[in-house]
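Enquirer: I have a structure I would like to understand better, so I am pasting it below and will then ask my questions one at a time.
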Amino acid sequence: MIELQDTSAIVTGGASGLGEATVRALAAQGARVVVADLGHQTERGEALAKEVGGLFAVADVTDTEQVIAAVEAAKELGPLRSVVNSAGIGWASRTIGRDGTYESAHDLDAFKKVVEINLVGSFNVTRLAATAISQTDPVDEDGSRGAVVNTASVAAYEGQIGQASYTASKAGLVGLTLVLARDLAAVGIRANTIVPGFFDTPIYGGNQEMKDNLTKQTLFPKRMGLPSEYASLAVELIRNTYINGESIRIDSGSRMQPK
């Protein structure tokens, strides 16, 4: 097991939702966490970082300079051992429009933006943070140095109508998982991916009707997931050194329907 006491960690999308819960869970293990998020989350992110004894860093995951700055900030807090990528966005649009015109087809720039943030951004953070982790001393006789956890979605397997860009980006993360594990094995870094189902986060904007509808698709327990349950799995994937190259569903056994 990797002990996180007096190490540093980075959580992207860390100021709210799944990321915020993960920041708290890592801090409870003794890690000093860099809460990485966009500029408009500065007030919330700084308050959270102060609460857990960490640091807030403005970091667009697609901006290499900002990500490097966040990584360097983490190194100042302690040896970097863990990275959790939970930053992401969604976009709802069918592939073609109802009127049959080219203009009403799925906006290509929107598709690119979702893939750029969810997939390319997660890879950007992984490649840079893993570089820093590789420079640390091993923590056990196996040569373990740390771990990366990415965040996909059950949409990677059962994308719903209108989720083309989101599904493509999340399926890309699932497909990337084993490659990352193989690439990083030489330096003792593991890579795993969490595949969440329906979790009660601010992304739903308090839309209770939508949340109630999603809950109907869960198996047991018959409710949405708690961010703390996601965070618990993230910590286990970091600490347990024999879990590597896996994409793990956490979804109450649900399977998404077409719509």
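The numbers here are math on the coordinates, done by the rules we state, and not lab data. What you see is a predicted model, and the numbers here were worked out from it, not measured in a lab. Reconstructed Cβ throughout: ideal geometry from the backbone, glycine too, with neighbour counts over all protein chains shown.
Enquirer: Output the peptides 201-209, 251-259 sorted from most to least packed, where packing is the average of other Cβ atoms within 10 Å over each peptide's residues. Write out the running numbers ahead of the final one.
Expert: Working: 201-209: 11.1, 251-259: 13.8.
Averaged packing, sorted descending, gives the order 251-259, 201-209.
Enquirer: Looking at the chain, how many pairs of lysines come closer than 27 Å at the Cα, when each pair is eight or more places apart or spans two chains?
Expert: 14
Enquirer: Still on this structure: Sorted by mean Cβ packing within 10 Å, highest first, what order do the peptides 73-82, 144-153, 93-102 take? Let's see the in-between values first.
Expert: Details: 73-82: 21.0, 144-153: 25.9, 93-102: 10.5.
The packing order, highest mean first, is 144-153, 73-82, 93-102.
Enquirer: Over the chain, with a Gaussian network built from C-alpha contacts below 10 Å, which listed residue (Gly162, Gly188, Gly13) shows the highest mean-square fluctuation?
Expert: Comparing Gly162, Gly188, Gly13 in a Gaussian network model of the chain, the most mobile one is Gly162.
Enquirer: Answer with one residue from Leu184, Ile133, Gly162: the one whose Cα lies farthest towards the positive end of the charge dipole of the range 8-250, charges on Cβ with Lys, Arg +1 and Asp, Glu -1.
Expert: Ranked along the dipole, the leading option is Gly162.
Enquirer: Then there is this: How would Tyr242, Tyr166 line up from fewest to most surrounding beta-carbon atoms within 10 angstrom? Working shown, then result.
Expert: Values: Tyr242 7, Tyr166 24.
Ordered by Cβ neighbours within 10 Å, fewest first: Tyr242, Tyr166.
Enquirer: Select from Gly253, Ala49, Leu173 the residue farthest towards the positive end of the dipole of the chain; place +1 on Cβ of Lys and Arg, -1 on Cβ of Asp and Glu, and compute about the Cα centre.
Expert: Gly253
Enquirer: Helix-only mean residue ellipticity at 222 nm, the chain, DSSP H runs n ≥ 4 weighted -39,500 (n - 2.57), per residue, nearest 500. What is it?
Expert: Values: 9 runs with 105 residues, N = 259.
After summing the helix terms and dividing by residue count, I get -12500 deg cm²/dmol.
Enquirer: If you don't mind, there's one more thing I want to ask. Please list 3J(HN,Hα) in residue order for the range 158-163, calculated via the Karplus relation 6.51 cos²θ - 1.76 cosθ + 1.60 where θ = phi - 60°; whole Hz, with x for glycine and proline.
Expert: Whole-Hz 3J(HN,Hα) from phi for the range 158-163: 9, x, 8, 3, x, 10.
Enquirer: Pull up all non-local amide H partners of Phe56: gap of 5 or more, or a different chain, and H-to-H distance under 5 Å with H placed in the peptide plane.
Expert: Result for Phe56 returns Val35.
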